[in-house]
Amino acid sequence: MLPPRLVRRLVLAPLMIVLAVAVALLSPLLGAATLAFGLLGHARPGRMRALRLLYFGLIWLGAETSTLFSCLGLWMASGFGGRLHTEPYQSRHYAIMRWYLDLVFGAAARTFGLRVEVEEPEADPEAQAARLTRPVIVLSRHAGPGDSFLLVRHLLSVYGRRPRVVMKATLQLDPGVDVVANRVPNVFVQRHRAGEKLFTEQIERLARGLDRAGALVIFPEGGNWTPGRWQRGIRRLERAGRRDLAARAREMPHLLPPRPGGALAAAQACPAADVIFVAHAGLDRLVTVGDFWRNLPIGHVVRAKWWRVPASQVPRSEEHETQVLWLYDWWKRIDSWISENRPDAAPDEQAPARSG
């Protein structure tokens, strides 16, 4: 269970700032130590994972600290929070999000050689301009914390969208995410309260509030893929009497069975929105801290593909069962794309598969 918001503000946020200052002051000593241990451990000079992680950690801690102080300044300027939800302050918070994500992504690109290749729907200039006048609902696979950050950054920095995200409540343990994400429209899902219908009303509210620059981001799987979760998802469908959907889920070994409640509710709540489906491959192994250490992505390429379904082609007026099957059809397409595009790791970078 998460600590109350006041505790997070008064304890976790100051701790983050203290940690950032301590690491910055000790960085010369830490850098020398990691370099020495790397050389003693016969690490290849081009890799030096500990030194790379130290550098990236410094950038990330600096970004977190700057974000917290920027948000404190906006809180004071808004009349100690009185005008935070007005349009000018919403815009400033989205600007902080964009700056933060661009800085962290740039650090990852420089430190680890991370590259992102996105294959997007082709469109003529007139159709492309028309798309920018409609809100979008983005339904993406979920495979590690990095995918959500990259997706939100792409929406902010490339498309100029204002993303509203349905995300896990535990992300609020990150002070920067906690402060910014609670000041703009988002939904935080608590695992112990998770259910098909529990957060539907909040998701519908987010969807109804979308304007032409809005983007509602949902991860219908509800969590990262593991073999155990995949099996449990299939058993959940079988217990619910949906052996047909369970059989389809078995044919999608790279994805968890989608939970249709929130995605379909969002589509109904915003009839003007196009629906974008997102597949990606390359971050599947990076879930825990241990994964990052064992599979440090140096020179890594993350591949993604976006499919756009115009609002007129989304089956909003069809029966619920038809809409569920439509979602599963798209999930099968995403699974097939992942099968064809998962990057092959070098032999010495291979990690044992997680058992769930």
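The values are calculated or read from the model by the stated rules, or taken from the named source; none is laboratory data. Keep in mind that this is a model prediction, so the values were computed, not measured. Here the Cβ positions follow ideal geometry from the backbone for every residue, glycine too, while neighbour counts run over all protein chains shown.
Close Cβ contacts (under 8 Å, 6 or more residues apart or on different chains) running from residues in the stretch 1-18 that are more than 12 Å from Pro175 (Cα to Cα) to residues that are in a helix (DSSP H, G or I) and among the charged types (D, E, K, R) comprise Leu2/Arg8. Scan the stretch 314-342 for residues that are part of a helix (DSSP H, G or I) and without any contact (Cβ under 8 Å) to a residue 60 or more places away in the chain and the total you get is 10. Every residue in the stretch 255-281 that is part of a loop (DSSP other than H, G, I, E, B) and either over 17 Å from Val309 (Cα atoms) or among the polar types (S, T, N, Q) (or both), please. Scanning the stretch 255-281 gives Leu255, Leu256, Pro257, Pro258, Arg259.
Inspection of the stretch 99-114 identifies no residue that is in a helix (DSSP H, G or I), charged (D, E, K, R) and buried (at least 17 other Cβ atoms within 10 Å of the Cβ). For the stretch 85-93, does any single residue satisfy the condition of being at pLDDT 95 or above, within 30 Å of Leu51 (Cα to Cα) and among the β-branched types (Val, Ile, Thr)? Scanning the stretch 85-93 turns up no residue that is at pLDDT 95 or above, within 30 Å of Leu51 (Cα to Cα) and among the β-branched types (Val, Ile, Thr).
The C-beta contact set for the stretch 268-279 (first residue touching a residue at least 40 places away in the same chain (Cβ under 8 Å), second residue of a type outside the set (A, V, I, L, M, F, W, C) and in a strand (DSSP E or B), distance under 6 angstrom, 6+ apart or interchain) comprises Asp274/Arg308; Ile276/Arg308; Val278/Ser140; Ala279/Lys305. Just one of the listed residues (Val158, Val136) is over 26 Å from Leu15 (Cα atoms), of a type in the set (A, V, I, L, M) and either crowded, with 19+ Cβ neighbours inside 10 Å or modelled with pLDDT of 95 or more (or both), namely Val136. Filtering the stretch 182-202 for residues that are out of contact with any Pro (no Cβ under 6 Å at 6 or more places or on another chain), part of a helix (DSSP H, G or I), at pLDDT 95 or above and under 18 Å from Tyr94 (Cα atoms) leaves an empty set.
The rows are residues; the columns are (1) modelled with pLDDT under 85; (2) within 27 Å of Arg232 (Cβ to Cβ); (3) not charged (D, E, K, R).
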position: Ala272; (1), (2), (3): no, no, yes
position: Val289; (1), (2), (3): yes, yes, yes
position: Leu296; (1), (2), (3): yes, no, yes
position: Lys305; (1), (2), (3): no, no, no
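For the stretch 296-313, residues that are β-branched (Val, Ile, Thr), touching a residue at least 40 places away in the same chain (Cβ under 8 Å), touching a strand residue (DSSP E or B) at 6+ places or on another chain (Cβ under 9 Å) and buried (at least 17 other Cβ atoms within 10 Å of the Cβ) total 1. With respect to the conditions (1) modelled with pLDDT under 95; (2) in contact with a helix residue (DSSP H, G or I) (Cβ under 8 Å, 6 or more places away or on another chain); (3) buried (at least 18 other Cβ atoms within 10 Å of the Cβ), Ala351 lacks only one, and its number is (3).
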